[in-house]
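The values are calculated or read from the model by the stated rules, or taken from the named source; none is laboratory data. Because the structure is a prediction, the values reported are computed rather than measured. Here the Cβ is made from the backbone with ideal geometry for all residues, glycine too, and neighbour counts use every protein chain on show.
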Amino acid sequence: MVYLFLFLGLAQALRKYPLTKLENNAKVFNEGEIFETQGLFSIKLQVGEPPQEISAIISMSQQKEIVIPVIYGENPDNFTFFNISGSSTYSVVNSSGTFNGKSAVIANETIAFGAVKAEAQKIFIVDINNSPNKQNATLPLYFDKNGDSRSFLNSIFSNKSIDDKSFTIDLYEGTLLIGQMYNPDDADDPGIYVDIDPLTWTSYLEIIEVNFTTIANYTLEEGKKTPVDAAKVNFAIEYPYITGPGKEIDEILSLIKFNKTCTDNVCECDEEFTGYFNFTITFNNQTISVEPHSYLVANNGSCTILITKGNKWTFGLPFFREFLGYFNFKNNTAVFFRHPHRAGVIRNTIIIVCSMIVAICAMIFIFSCVYYFVNKKNEEREREYSRYYG
């Protein structure tokens, strides 16, 4: 138990906060669009004074401010919404604002999670009375490179709540680490360093290969124009798929489905994903490999392929399943580490073993105390008996 408390204390000291995967089958509101919950993770925010706990979806979109849902009148579904009248720190900036073309109140409010807090944080208040399934707030993971926006991450950096303009998304541990670099010594493989634009969450890829077949090659000879738009890739943890241009995705899917029985993007498979293979992505002459367990979801002898067509490359949940992402906005870089599976297993084993040892020691201590006091009581009884009858 003592070890567990120390471990929890260390996690808090490192500003590490748990991410919760949204499991219900309803669709939820996120940046003006409707997404399936499959790719959505949330974190608990404390809003207002006294604090009200709100579940906020982690978003990597360009929207800078936090979106908070409110409901006026009856709440038949018993969702937790922000109660404006219950907060003493709420103040309206613009009662006739807009959010994604819809009416919204722009306000200032105290926002916190854990020990990290920003006062007078700019937020959008969205009335969802007519959309009871849109009950989740949105917390964009966004840094303005000039440091002059009112994004939550800029706010907590400005008030010295964090020391570094960075965060790490770790889906293996299910945590968000704010303001401190992930220790690369904990990773199984060396990190891949990628330049990134923090305003658009984009980088540029060079080559995509599947089973040694080149799907896309955006590197050109010196002096020739680089196809910038084709090579651009967005990172978005809230998106449940890997998407790309139709021609390239068709080729990827044809290779994945080869010699398999498939209906649309659902194919036969076993729990070991036998017959499926990695596909590799090259950034800045560095190659990383996405394994089948990341882009496939198994269910009773079949697998859903989480790769779809889109008008651009987007690396969503399947990519973050495979790689822990560290994003540093001082130098505009992202570093991707393969999730430390062995380290996680070893650490969990150590925690379990230490907890068992502590529990056994506690039981021995309790038993010893009971044994001591019982014996002492018996000795006192024997002395009393000897004194009266001896």
(request) Scan region 129-183 for residues that are assigned to a loop (DSSP other than H, G, I, E, B), at pLDDT 80 or above and farther than 21 Å from LYS64 by Cβ and report the count. (result) 4
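Among PHE315, PHE283, which is the only one that is crowded, with 16+ Cβ neighbours inside 10 Å, closer than 19 Å to ILE169 by Cα and either touching a Ser or Thr at 6+ places or on another chain (Cβ under 6 Å) or not acidic (Asp, Glu) (or both)?
Within the list PHE315, PHE283, the selection yields PHE315.
With region 252-301 as the region, which strands (runs of 3 or more DSSP E) entirely inside it contain at least 2 residues that are of a type in the set (Phe, Trp, Tyr)? Break it down into steps so the answer makes sense when it comes.
Values: elements: 266-268, 279-283, 286-290, 296-299.
Result: 279-283.
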(message) When you check ILE111 against the structure, is it crowded, with 16+ Cβ neighbours inside 10 Å and at pLDDT 75 or above, yes or no?
(response) yes
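State which residue is farthest from the chain's Cα centre (by Cα) when the search covers only region 64-80 and only residues that are within 14 Å of ILE125 (Cβ to Cβ) and modelled with pLDDT under 80. Let's see the steps before the verdict.
Applying the first criterion (within 14 Å of ILE125 (Cβ to Cβ)) to region 64-80 yields 65-72.
Subsequent filtering for residues that are modelled with pLDDT under 80 retains 71-72.
Working: ILE71: 27, TYR72: 30 Å.
Checking each candidate, the answer is TYR72.
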